[in-house]
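Structure record follows, encoded as structure tokens.
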Amino acid sequence: METKPVIVSLSANLFNFLILVMFLFAASPSCADLSFNFYAVSCPAAEFMVKNTVRSASSSDPTIPGKLLRLLFHDCFVEGCDASVLVQGNGTERSDPANASLGGFSVIDSAKKVLEVFCPGTVSCADILALAARDAVEITGGPALQILTGRRDGRVSEAANVRPNIVDTSFTMNEMIKIFSSKGLSLEDLVTLSGAHTIGSAHCSAFSDRFQEDSKGKFTLVDTSLDTTYADELMKKCPADSSPSITVNNDPQTSFVFDNQYYQNLIAHKGLFQSDSVLLDDNRTRNPVEGFAKDQVSFFRSWDQSFVKLTSIGVKTGEQGEIRQTCSVTNG
């Protein structure tokens, strides 16, 4: 008798997952060319090699997971999940000022070098980035999940495509909804994926719009939605004359742990960005924020589904794109 609810729960979770996969394939025909364990024959240890590289890098630098997760967002929202953000050069996505503070590139490059030794010309940089971000979440205490693989690398990387496609930290709710909706992501996805801010850090300029410099050259709080004590802490760490290199943890409580503390911070009016705080202030998103703040299991379950959707945005498969030899340069 005691096992029946468990069976029902597992069946429900499996059903929801199958519905999600069916939705992805229907929404984007190219997703149908992705599969689990895509490299099972061509490079069986591919996912292990990526995870091992991420784990090694994270053990020596705990900021790496947050950087990898942010790097994935900036890749997938521009040209789809095709590693176009990794390409170096004048006029590329990577050269745009909005991407100047991105990090984690060396981890992707390291994983690619290892894979090229054992499986040359086989594993795409796009898949490496998606897998690395997936692993970054698990390594920091978040849910472990399988993702589809088989992405190919894009040949187009233009700085002009960056600004119209990424969310700015000063965005209103309607502005964020417009961007997410254009990527096939729902309002629930928006709330869920914002939970990525439970790890990572930001430069002072990313939230300076919440303060105003007075005649004496000091910041004063102008955003009344921010907790005053938290605001004072931020102004001490980021005074008006602070160095552009100074960073602040997105989550002041559990900075290097992927958990639901981000949502608890929002409830306490301690969201670092304006785009964080509006999630609590807006009636359309307040309920899921409060729900995730109370129930980490619910957040993790929603993260699994939203992350799969994120990593399936605009993927290139089959004969599209290429498999780069080096992630920072398109093939000749």
Segment residue 297-residue 221, length gained on full extension (0.36 nm per residue, minus Cα span): 23.9 nm
Within the accessible area of the range 249-332, what % is carbon and sulfur when the probe is 1.4 Å and the other protein chains stay in place? 46
Whole-Hz ³J(HN,Hα) from phi, Karplus 6.51 cos²θ - 1.76 cosθ + 1.60, for the range 306-322, glycine and proline x: 5, 5, 4, 5, 4, 6, 10, 5, x, 5, 10, 9, x, 8, 6, x, 7
Tell me which aspartates and glutamates have Cα within less than 19 Å of residue 218's Cα, excluding those fewer than 8 residues away on the same chain? 209, 227, 232, 233, 241
Tell me the carbon and sulfur percent of the accessible area for the range 98-206, rounded to whole percent, probe radius 1.4 Å. 52
Length gained when the stretch residue 228-residue 172 is fully extended (0.36 nm per residue, less Cα-Cα span): 18.0 nm
Going by alpha carbons, how many degrees (0 to 90, nearest 10) lie between the helix axis of 228-237 and the longest principal axis of the chain? 70
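Provide Rg over Rh for the range 143-271; use the alpha carbon set for both Rg and the Kirkwood Rh (inverse mean inverse pair distance). Please list the in-between numbers first.
Values: Rg = 17.3 Å, Rh = 17.1 Å.
Result for the range 143-271 is an Rg/Rh of 1.01.
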Bin by bin, in steps of 20 Å, what percent of the Cα pairs in the chain do you find, going until the bin that has the longest distance? 31, 58, 11, 0
With loop defined by DSSP as not H, G, I, E or B, and exposure as at most 15 other Cβ atoms within 10 Å, which is the longest segment of the chain clear of exposed GluC sites (Glu not before Pro)? 159-318
Rounded Å value of the spacing that divides the Cα centres of the range 225-294 and the range 80-133: 29
1.4 Å probe accessible area per residue over the chain, in Å²: 46
Cα coordinate range in the range 205-332, projected on the principal axes (Å, largest first): 60, 40, 26
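The values are calculated or read from the model by the stated rules, or taken from the named source; none is laboratory data. Quick caveat: nothing in here was measured; it's all calculated off a predicted structure. So basically every Cβ, Gly included, is an ideal-geometry build from the backbone, and we count neighbours across all protein chains shown. Ligands, DNA and RNA are excluded from the accessible area calculation, which covers all protein heavy atoms including side chains. Shrake-Rupley method; radii C 1.70, N 1.55, O 1.52, S 1.80 Å.
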